[in-house]
Amino acid sequence: MSQDTIFALSSGRPPAAISVIRVSGPNAQAAAVGMAGSLPEARTAAVRQLHHPRSGDLLDEAVILRFDSPASATGEDIVELQCHGGRAVVDAVLAALAAIDGLRPAVPGEFTRRAFENGRIDLTEAEGLADLIEAETESQRKAAIALSEGGLRKQIAEWQQCLLGLSAEAERAIEYDEADDEANPTLRRECAALGAELRSWLDRPRAERLKDGIRVVVAGPPNTGKSSLLNAIAGEERAIVTDMPGTTRDHIEVPLALDGVPILLTDTAGLRDSSDPVEAIGVARATTLVEAADVLVWLGAPGESPDHPRTLKVHPKSDLGSAVLPGSIAVSSVTGEGMPELLEQIGRTARDLLPGEDAIALNRRQARCFEEAVSALDAASVAGDVLILAEELRHARVAFDRLTGRAGVDDVLDSLFSRFCLGK
Ligand SMILES: Nc1nc2c(ncn2[C@@H]2O[C@H](COP(=O)(O)OP(=O)(O)OP(=O)(O)O)[C@@H](O)[C@H]2O)c(=O)[nH]1
Ligand SMILES: [Mg+2]
């Protein structure tokens, strides 16, 4: 356990009605006693006057909570001071804490890091917490809470158990020198089955989509009303609209939430051959964006739409009254006609690409660990020699240790915990 006792303002920036200051570490209780005289029982609250530990000046009246190690968020002794949220009050209490020997201000994420180092949470839960704090949409929040509540950790624990069983079986085979008798095929089959289960997790929708938003790209020939449509959906004039074909050159991205689904809506340059070098670059970018799109909103002739698995065909400027081909949604950015239907279809298509409501979605780092484990298990499943099989199982176990943060993850830890705000 760390020797330093750390403290920080854990609630938002003052002024506020209430501010929460957390103190964690071996001197947390002594420090709080020095300011408050006495503490409540563990896991209860009490109102106390806070005094400066040296001058004795009255600083504030606060609600004090006490959590004793190891049953606390960090695993250490924690005292939480709920003060009045004025700037001067908070500054005075923080200054008083800083004046106490053995106490120092926490760095961002340090409370969570201690929780991880003391085994209160594993790395996947810490990642979930970081996501939870950053979550801006309802679906992001749900995914983050499932992760932070240990959804993946529990699942991993089962797989680790299974792996250990397989390893033990392999060791036993080595011990009894059964290198090539019938124990081996069963063992290999079990490795293959576990590998297949892990691979099915890799095929699930990923957390990145949830975080960065589903990429919805509006494309079509010049002057078809792409920028007008983006503005209408965004509810603000983000893209320049003129009656001149070739108005949009650079693409324009607008993040928004449709019915709780995070979307990155992108307007692109009208697709045509252009002798203008700037426009030509814009058209090339538009083509790349269309290819990378999760959902394509196509405003051109229905028969000319690019080959994309999720294309929503829009008949634009429907207020002008030209015939609408079947399969196209008639939309007018001027009157708003067809807009609810288009938004509903975008939302529905996008939602299918997101992880299910309560499903755990892997992030990039986690997926990499999964890939390592899968390739080790695949190798184990075809290993001719039980010694090699055992070695591959060991690789798979190491991959899982990286996944939970039990091994080889210093760089990951630094980048993860730097995502947290001060006081978390
Ligand atoms: N009547 C009508 N006019 C529209 C509608 N949408 C766009 N327009 C007009 O069509 C012209 C082109 O609109 P833009 O939104 O700039 O079209 P664009 O596809 O972004 O054009 P480029 O950026 O040049 O490719 C403008 O004069 C708009 O006012 C619509 O729904 N109804
Ligand atoms: Mg445009």
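The values are calculated or read from the model by the stated rules, or taken from the named source; none is laboratory data. Keep in mind the model is a prediction, meaning the values are calculated, not measured. Neighbour counts run over all protein chains shown; Cβ positions are idealised from the backbone, glycine included. These area figures cover heavy atoms from the full protein model, side chains too; ligands, DNA and RNA do not enter into them. Shrake-Rupley method; radii C 1.70, N 1.55, O 1.52, S 1.80 Å.
Here are some notes:
- Given charges at beta-carbon only (K, R positive; D, E negative), |dipole| of the stretch 1-100 in Debye: 160
- Global geometry of the stretch 7-89, whether rounded, prolate or oblate, following the gyration tensor of its Cα atoms and the 1.5 cut on a/c: oblate
- When only the Cβ of Lys, Arg, Asp and Glu is charged (+1, +1, -1, -1), the dipole of the chain relative to its Cα centre reaches about 1220 debye.
- On Cα atoms only, tilt of 138-148 relative to the major axis of the chain in degrees: 40
- Sorting 163-175, 26-38 by average packing, meaning the other beta carbons within 10 Å per residue, from highest down gives 26-38, 163-175.
- Rg over Rh [alpha-carbon atoms, Kirkwood Rh] for the chain: 1.11
- Extension gain from Ala71 to Asp385, taking 0.36 nm per residue of separation minus the Cα-Cα distance: 108.4 nm
- Residue separation of Leu413 and Leu58 scaled by 0.36 nm, minus their Cα-Cα distance, works out to 123.8 nm of gained length.
- Put a plus charge on the Cβ of each Lys and Arg, a minus charge on the Cβ of each Asp and Glu, and nothing anywhere else: the dipole of the stretch 124-248 about its Cα centre is then about 880 debye.
- Residue pairs exceeding 27 angstrom between C-alpha atoms, taken from Lys154/Lys211; Lys211/Lys424; Lys142/Lys424; Lys142/Lys313: Lys142/Lys313.
- The chain: angle of helix 183-202 to the longest principal axis, Cα-based, in degrees nearest 10: 70
- Sorting Arg394, Arg348 by solvent-accessible area of protein heavy atoms yields Arg348, Arg394, largest first, with a 1.4 Å probe.
- Packing, as the average of other Cβ atoms within 10 Å across residues, places the peptides 143-150, 197-204, 365-372 in the order 143-150, 365-372, 197-204, highest first.
- Expressed as a whole percent, the accessible area of the chain that falls on carbon and sulfur atoms is 52 (1.4 Å probe).
- Centre-to-centre, using Cα atoms only, the stretch 48-69 and the stretch 1-38 are separated by 9 Å.
- Alpha carbon centroid spacing (whole Å) that separates the stretch 372-393 from the stretch 311-364: 47
- Average accessible surface area per residue within the chain, 1.4 Å rolling probe, Å²: 48
- Each part gets one Cα centre, and for the stretch 223-259 versus the stretch 150-220 those centres are 44 Å apart.
- Length gained when the stretch Asp91-Asp203 is fully extended (0.36 nm per residue, less Cα-Cα span): 35.3 nm
- Against the compact-protein benchmark of 2.2 N^0.38 Å, the Cα-based radius of gyration of the stretch 265-321 scales to 1.20.
- Helix 339-352 axis, angle to the chain major axis (alpha carbon atoms, nearest 10°): 50
- Label-to-label distance, Ile145 versus Glu291, with points set 7 angstrom from Cα along the beta-carbon direction: 4.1 nm.
- Quick note on the stretch 314-424: its Rg to Rh ratio, both from C-alpha atoms and Rh being the Kirkwood radius, is 1.32.
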